[in-house]
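The values are calculated or read from the model by the stated rules, or taken from the named source; none is laboratory data. Bear in mind the structure is a predicted one, so any value in this text is a computation, not a measurement. Methodologically, a virtual Cβ is constructed for each residue, glycine included, from the backbone with ideal geometry; neighbour enumeration extends over all protein chains shown. Side chains included, ligands, DNA and RNA excluded: accessible areas come from the protein's heavy atoms. Shrake-Rupley method; radii C 1.70, N 1.55, O 1.52, S 1.80 Å.
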Amino acid sequence: MMYPILVILLDGLGDRAHAVLGGRTGNEAATTPNLDRLAHEGSCGVIYSVGPGRAPSSEVAHWALLGYRPEESPGRAVFEALGHGREVDPDEVFAFAALRPAERREDGLWLTGRPRYGEDEEDAAALVAACDGLEVDGLRFSLEHLRRGEAILRVSGEADERVTDSDAFFRDRYPMLRPQALVPEAAPTAAAAEQWTRRTMEILEAHPVNAGRAERGLPALNVITLKWWGRSKQVPTFRERHGLRGTFIAESAFLRGLAAAIGLETIEAPETKDPRGDLRVRLALADERLDAGDTFVFVHLKATDEAGHTKDPRAKQRTIELLDSELGVLPLDRAVVCVTGDHCTPASPEVIHSGDPVPFVLAGPGVRADSVRSFGELDCAAGILGQLRGPDMMPVLLNAADRPLYLGSRPTPFDGADGYPDILEPLT
């Protein structure tokens with residue numbers, strides 16, 4: 001019997017050991033009876049979505065976990081566009097634009113903050129609109145404002161997406177970088193992006209909105225940074241690659257865009273200040289999708305990642321304990337259930353993400369119990385699944401669900417297929 005698969009992904013779940021927690025991670029220090037039971041009854045391991053020591057962004061991690069290769073990725077800007085309901089055309093190049101305050105120093109421009117939610121929304125929208133539709137060296141740069149100065153940049157013409165980011169560090173104060181070509185063919189696009197950046201700076205400096213901000217003692221929003229360049233690509237759908245059809249449940253627009261890019265249905269599930277309630281809502285939605293016949297359901301929750309970014313180890317410990325209280329009733333009798341994370345967001349030191357191992361637990365019908373008795377990085381590392389990498393996740397899940405593709409047979413023409421196909425072309 002083939003079973004459906006439920007993935008409960010707790011974003012940034014992995015952690016590092018902290019002295020304040022007795023040399024343990026937040027997962028190891030937390031009281032987690034439900035996760036401990038899941039680990040005791042199932043198969044355990046740890047996973048590196050890209051590889052040991054590699055610190056991935058969430059979209060890079062999810063792309064790998066869902067069974068797609070780096071060269072197949074269209075880039076996060078495309079995911080952002082799709083997640084916000086925008087049409088994407090493979091003949092256009094996309095980047096993620098952000099209006100920022102910057103100050104000029106001896107060594108160049110330094111970014112000094114971000115527009116504020118609420119208070120700066122009207123100013124930011126007007127400034128972004130003033131920079132929309134510029135043409136540089138035969139390329140048209142179109143901006144579609146999203147929120148507080150963040151926008152989708154659509155570049156029409158003979159553009160190349162292989163350009164570096166001008167805003168690459170995810171911190172408040174750091175240099176604004178010059179766009180550079182990753183390959184010689186992208187040099188004209190990188191040069192046009194730099195020229196566009198300088199023209200938008202001139203427009204922003206002269207704009208009445210910034211004059212008004214100066215009168216009110218507010219910093220000028222005087223630069224627009226660009227990052228996450230990409231282009232839409234044709235790749236096998238999730239169903240074609242894995243033989244599964246299903247739903248991706250998340251709040252983050254870029255992750256829902258990622259799911260849409262590979263043909264998964266998406267459900268937007270907001271996150272609040274109540275992570276327990278947020279997980280409860282998601283698990284109820286997952287049950288509904290399983291009842292409706294989905295063979296794959298992916299639940300994403302960001303609360304553990306946000307707790308890691310507080311840089312308070314006890315905050316991460318408490319968040320894991322809260323979420324554990326909602327994991328007592330899972331559909332283990334009718335589905336293969338996996339609980340894991342996409343990367344490590346350590347509660348210290350001052351790093352964004354890290355390349356440390358993330359617990360990986362698999363349970364359900366026919367899944368063998370190993371010797372692991374409790375949940376956590378060290379305990380799970382001793383499990384039967386060992387040390388996994390991102391591309392291993394889907395084959396491991398498909399195997400547990402009795403859906404592995406018998407290697408050596410070639411029943412479908414889809415590149416990278418690794419699951420028992422549900423799309424067949426019978427000879428009639």
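Per-structure values
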{"quantity": "Label selected from (i) 92, 49, 32; (ii) 65, 62, 47; (iii) 67, 65, 36, the criterion being Cα extents along the principal axes in Å as computed here", "calculated": "(iii)"}
{"quantity": "Loop-located chymotrypsin sites (Phe, Trp or Tyr not before Pro) in region 163-220 whose Cβ has at most 14 other Cβ within 10 Å (DSSP)", "calculated": "F169, F170"}
{"quantity": "Accessible surface, region 368-428, averaged per residue in Å² (probe 1.4 Å)", "calculated": "63"}
{"quantity": "Burial order of peptide ranges 2-11, 308-317 (average beta-carbon count within 10 Å, highest first)", "calculated": "2-11, 308-317"}
{"quantity": "Mean-position separation - Cα centroids, region 93-107 and region 356-415, in angstrom", "calculated": "42"}
{"quantity": "All lysines inside 24 Å of K227 as judged from Cα atoms, apart from same-chain residues fewer than 8 positions distant", "calculated": "K302"}
{"quantity": "V20-I352 FRET efficiency (beta carbon distance; Förster radius 22 Å; 0.05 resolution)", "calculated": "0.60"}
{"quantity": "Residue among L10, A417, V361 farthest towards the positive dipole end of the chain, charges placed on Cβ", "calculated": "V361"}
{"quantity": "Nonlocal amide H pairs with V223, under 5 Å, H built at 1.01 Å", "calculated": "R100, A102"}
{"quantity": "Prolate/oblate/rounded label for region 248-310 (Cα gyration tensor, a/c 1.5)", "calculated": "oblate"}
{"quantity": "V396, V297, V281, reordered so the largest accessible area comes first (probe 1.4 Å)", "calculated": "V281, V396, V297"}
{"quantity": "Length-normalised contact order of the chain in % [C-alpha pairs under 8 Å, at least 6 apart]", "calculated": "33"}
{"quantity": "Computed [θ] at 222 nm, deg cm²/dmol, the chain (DSSP H ≥ 4; -39,500 (n - 2.57); rounded to nearest 500)", "calculated": "-8500 deg cm²/dmol"}
{"quantity": "Heavy atoms of L397 accessible to a 1.4 Å probe, total area in Å² rounded to 10", "calculated": "0"}
{"quantity": "Euclidean distance of C-alpha centroids, region 317-342 and region 169-228, integer Å", "calculated": "43"}
{"quantity": "³J(HN,Hα) computed for each position of region 413-428 - Karplus, 6.51 cos²θ - 1.76 cosθ + 1.60, integer Hz, glycine/proline x", "calculated": "x, 7, 4, x, 4, 9, x, 4, x, 10, 10, 10, 10, x, 7, 10"}
{"quantity": "Cα shape, region 174-289, gyration tensor, a/c 1.5 rule", "calculated": "oblate"}
